[in-house]
Amino acid sequence: MKIALLSVNPDLYSTRRLFQACQARGHQVEVIDYLRCSMNITAHRPMVYFGGRELCDVDAVIPRIGASNTFYGTAVVRQFEMMGIFCTNPSQAISRARDKLRSLQILSKEGIGLPVTGFAHSTQDVQGLIQMVGGAPLVVKLLEGTQGIGVVLAETQKAAESVIEAFRGLDANILVQEFIKEAEGADIRAFVIDGKVKATMKRQSAPGDFRSNLHRGGRAEKVKLTPEERSTAVRAAKALGLGIAGVDMLRSNHGPVVIEVNSSPGLEGIETTTGKDVAGMIVEYIERRADVGNKPDRITG
């Protein structure tokens, strides 16, 4: 099988591990910088080009699309889909997951547990927005932020008002969410592949920070999910249409709540913490599904 691994940086841990896993299972694999791809959009023979040659003999695509390149990256993935090539995550599912507001709306529609979340355009009713999520302390998130960037904990009413007004003054789109105090700065990452949770870890924030991102000094450990947490992770990935997803959850007093679903979850933290060959599991998923071909994505939203 010939597999195209879409990544702008072949030296990233996740890219290297996926490349190795494909080779270990006897497949041909090539790292393709999707920003250097061009597309011929025609009615009868759509095509993706890389380095002046046609990528017409590809059997499967693994998209590793960076957040800052979502628009062009998903366009390339969509073009492969038009060519009838299996993609581990469909372009539309990647777009859903990257849009925090859209993804929360879809998860809400499916009845999946979420933190109480508010969204508004005008700054004229900031107090009403704050009260909507139960008052301070609360979390303010930039819609375009990733890896903990643009996430602020406002501990008082006055601080919350100032942060919201400052972001909106810069014309930034933000979400306001309740602060889950009982989570104590920890979240759970469930790695879902093909509708099953394959690996899990608990991430604990560094002292003085409430964000549990590992590259910000957080630490990770193995964790056993409850049946409800496992079901929540699977349902969240399915709701967004993702074959591969990193589902981040908090343990709240009213059950697990999803804070984000990542369409290109990193492999280093989860593999190092669990000792599992997650990259190999992704290749196994391709082997099971690639021959079936792409099924139309009929999920609305």
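Of note:
- Distance violations [Cα-Cα > 29 Å] among Lys141/Lys202; Lys181/Lys276; Lys238/Lys276; Lys109/Lys202; Lys158/Lys224; Lys158/Lys238: Lys181/Lys276; Lys158/Lys224; Lys158/Lys238
- Springs between Cα atoms under 10 Å define the GNM used for the chain, and in it the highest mean-square fluctuation of Thr42, Thr117, Thr273 occurs at Thr42.
- Residues Leu175, Leu242, Leu170, ranked from the fewest to the most other C-beta atoms within 10 Å, line up as Leu170, Leu175, Leu242.
- Mean Cα-pair separation over length for the chain, i.e. relative contact order, pairs under 8 Å, 6 or more apart, %: 18
- Within the chain, helix-based [θ] at 222 nm, where runs of 4 or more DSSP H residues each add -39,500 (n - 2.57), nearest 500: -9500 deg cm²/dmol
- Shown here are the Rg and Dmax of the Cα trace of segment 1-73, at 12.7, 38 Å.
- Convex hull of segment 117-179 built on C-alpha atoms - directionally averaged projected area, nm²: 3.6
- Take every Cα pair under 8 Å whose residues are at least 6 apart in sequence, average their separation, divide by the length of segment 129-208, and the relative contact order is 27 percent.
- Inter-label distance, Thr156 to Glu221: 3.4 nm, where each label sits 7 Å from its Cα along the C-beta direction.
Read the figures in this text as sums done on the coordinates, not as results from a lab. This one's a predicted model, so the numbers in the text were calculated from it and none came from an experiment. Note: ideal-geometry Cβ built from the backbone for every residue, glycine included; neighbour counts use all protein chains shown.
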